[in-house]
Each structure stands twice: as C-alpha cells, then as structure tokens.
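The values are calculated or read from the model by the stated rules, or taken from the named source; none is laboratory data. Please read these numbers as outputs of a predicted model, since none were measured by experiment. Cβ placement follows ideal geometry from the backbone for every residue including glycine, while neighbour counts extend to all protein chains displayed. Please note that ligands, DNA and RNA were not included when accessible areas were found on the heavy atoms of the full protein model with its side chains. Shrake-Rupley method; radii C 1.70, N 1.55, O 1.52, S 1.80 Å.
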Amino acid sequence: MKKQLIEIKSTVLYLLLLLPVFGLKGEEKHLDLNQAKVDTATFAAGCFWCVEEQFKSLRGVQKVIPGYRGGHTKNPSYGQVITGKTGHAEACQILFDPSVISYSELLKAFFIAHDPTQLNRQGNDIGTQYRSAIFYHSARQKQLAEFFIKRLNEQKAYKNEIVTTVSKKSKFYLAESYHRDYYANNPDDPYCRLVIKPKMDRFKKVFAEKLKP
C-alpha cells in the first residue's frame, strides 16, 4: 500500500508539470465566459462503480452518470456489456463546471484514478469493457488528452507505456438505474469494501484539496 501511494504521488508530480510545459495558464483563454457553466467529459477507467465515486467527490463536478460507450450494440444491457462482445466500455459521463474544475484537472484525476498501462483490464476486472479510454467532446479535449499521454510517456511516469485510447464521443447509453451511486448505496458489498474503498482512500489523499466538503 505504501509503495503504491509513493508511485501515485510521483505521477501527480509529473502531471502538475504538464500545463506550464504546454505554455498555458489553466484553460481560461479557451473558456467562453458567456456559455452555460457546464461541460461534459467521458472517461472509461475500469469498473464504472469506482470511477463514478471518485469523480463525484471532486469540487466542480455536478453529476457523474454511469453508462456504456464505444461499441456497436444498440441499447446494450449490463449483462451484454460484461461479456465483452458489444465493444462498449463501462464509462462515466461527467458534467462539470469549467470555472471551478478544468478539463486538465479532470485528466489528472483520470490518470490517478486507475492504471492506464493495463490493456483491457483493471486489476481482476478483465475484458475490453474495462479498457482505459477517453472519449473527447471537442477538438480541445482531444488535444489535451493526447498531450497528457505524450508527456506522461516521455517522462516515464509509469513503468509501462500508456494504452489509453482517445476517440471521438459516440452514442452514450445509460446504465441501469441500480448502477447509479452504487458504492454509496452498497458500502457492505464485498467488491465495494475490497476494491473500491482502497482506491477511494488513495484518490482522496491525492486530491485532498479538491474534494467537496
């Protein structure tokens, strides 16, 4: 556990260096202050129960919606997706206020929330439905996502190369209602206790200053 936390802190250091290298001071010059204060990001980083709980804990995140994206099957069910035959990934659509939390900050959280070097799996969750993926909603999001991956690989932030895919958003299918707030509603579930809670504890240590009250 201690070794894992040290590795996470090291990765955060690399991430914090990214924006100055890119020559930006945040993303203010790309933000239209007259637009509605909501933007959308979509990430796949393993089981969406964990991803939902991690991102909804961050200030500026208004809503996190679990669902399925990136496949070929229309209106897939959870039972179909976990077979790995639909092509869909378990993903979370994140609605956020860009005046409070930027897309770059969400990317930092994404790369801390899971291991982006594991191909088609996260831990014991194995299959393409658990792949690491970023679905961009704009050219700007695509640019930032690809830059983060390039810089992290160049800096050797991880032992292995990042395998995260970056692709344009496709149709997003809502997951069944019982998947929403799964961790909060099922804290005694073995998966929640043994897998999600340890991840949440580490995530909160890294983003302690960014958490909601």
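Return the pairs, sorted by first residue and then second, in which the second residue is in a helix (DSSP H, G or I) and surrounded by 14 or more Cβ atoms within 10 Å (Cβ to Cβ), the first residue lies in segment 145-158 and is without any contact (Cβ under 8 Å) to a residue 60 or more places away in the chain and of a type outside the set (V, I, T), the beta carbons are less than 7 Å apart, and the residues are 6+ apart or on different chains.
A145/L107
Here's the yes/no breakdown for (1) at pLDDT below 95; (2) hydrophobic (A, V, I, L, M, F, W, C); (3) touching a Pro at 6+ places or on another chain (Cβ under 6 Å); (4) within 17 Å of I196 (Cα to Cα):
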site	(1), (2), (3), (4)
E52	no, no, yes, yes
S57	no, no, no, yes
T86	no, no, yes, no
A89	no, yes, no, no
N120	no, no, no, no
Y136	no, no, no, no
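Would you call I149 assigned to a strand (DSSP E or B), in contact with a Ser or Thr (Cβ under 8 Å, 6 or more places away or on another chain) and closer than 17 Å to F43 by Cβ?
Numbers: assigned to a strand (DSSP E or B): no; in contact with a Ser or Thr (Cβ under 8 Å, 6 or more places away or on another chain): yes; closer than 17 Å to F43 by Cβ: yes.
So I149 fails the test.
Enumerate the pairs (first residue in segment 167-194 and within 29 Å of K142 (Cα to Cα) and open to solvent by 90 Å² or more (accessible area, probe 1.4 Å); second residue anywhere and in a loop (DSSP other than H, G, I, E, B) and at pLDDT 95 or above) with beta-carbon separation below 6 Å, excluding pairs fewer than 6 apart on the same chain, so at least 6 apart or on different chains.
Cβ pairs passing all conditions: K169/H137.
One line per residue, one yes/no per condition, for (1) under 17 Å from the mean Cα position of the chain (by Cα); (2) surrounded by fewer than 20 Cβ atoms within 10 Å (Cβ to Cβ); (3) not aliphatic (A, V, I, L, M):
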| site | (1), (2), (3) |
| --- | --- |
| R121 | yes, yes, yes |
| N124 | no, yes, yes |
| A139 | no, yes, no |
| E146 | yes, yes, yes |
| E154 | no, yes, yes |
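Quick one: E105 ticks every box in (1) closer than 23 Å to Y178 by Cβ; (2) modelled with pLDDT under 95; (3) acidic (D, E) except a single one, so which number is it?
Result: E105 passes all but (1).
Hey, could you check segment 65-90 for residues that are assigned to a loop (DSSP other than H, G, I, E, B) and among the hydroxyl-bearing types (S, T, Y) and say which is least open to solvent (accessible area, probe 1.4 Å)?
Step one: list which residues in segment 65-90 are assigned to a loop (DSSP other than H, G, I, E, B), which gives 70-77, 82-88.
If we keep only those that are among the hydroxyl-bearing types (S, T, Y) too, we end up with 73, 77, 83, 86.
Numbers: T73: 35, S77: 44, T83: 82, T86: 6 Å².
Looking at the filtered set, the residue picked out is T86.
Determine whether segment 6-17 contains at least one residue that is of a type in the set (D, E, K, R) and at pLDDT 50 or above.
Yes.
In segment 129-140, how many are in contact with a Leu (Cβ under 9 Å, 6 or more places away or on another chain) and part of a helix (DSSP H, G or I)?
Kept after step one, since they are in contact with a Leu (Cβ under 9 Å, 6 or more places away or on another chain), are these residues of segment 129-140: 131-132, 134, 136.
Subset that is part of a helix (DSSP H, G or I): none.
Residues flagged as in contact with a Leu (Cβ under 9 Å, 6 or more places away or on another chain) and part of a helix (DSSP H, G or I) within segment 129-140 amount to 0.
Counting only residues that are over 15 Å from the mean Cα position of the chain (by Cα) and either under 22 Å from Q129 (Cβ atoms) or open to solvent by less than 60 Å² (accessible area, probe 1.4 Å) (or both), how many does segment 156-166 have? Walk me through it before giving the result.
To start, the set of residues in segment 156-166 that are over 15 Å from the mean Cα position of the chain (by Cα) comprises 156-161.
If we keep only those that are either under 22 Å from Q129 (Cβ atoms) or open to solvent by less than 60 Å² (accessible area, probe 1.4 Å) (or both) too, we end up with 157-158, 160-161.
Counting residues in segment 156-166 that are over 15 Å from the mean Cα position of the chain (by Cα) and either under 22 Å from Q129 (Cβ atoms) or open to solvent by less than 60 Å² (accessible area, probe 1.4 Å) (or both) gives 4.
Being open to solvent by 80 Å² or more (accessible area, probe 1.4 Å), free of Cβ contacts under 8 Å to residues at least 24 places away in the same chain and not small (G, A, S) is true for just one of K197, K204. Which residue is that?
On the way: K204 fails: free of Cβ contacts under 8 Å to residues at least 24 places away in the same chain.
One residue alone meets the criteria, K197.
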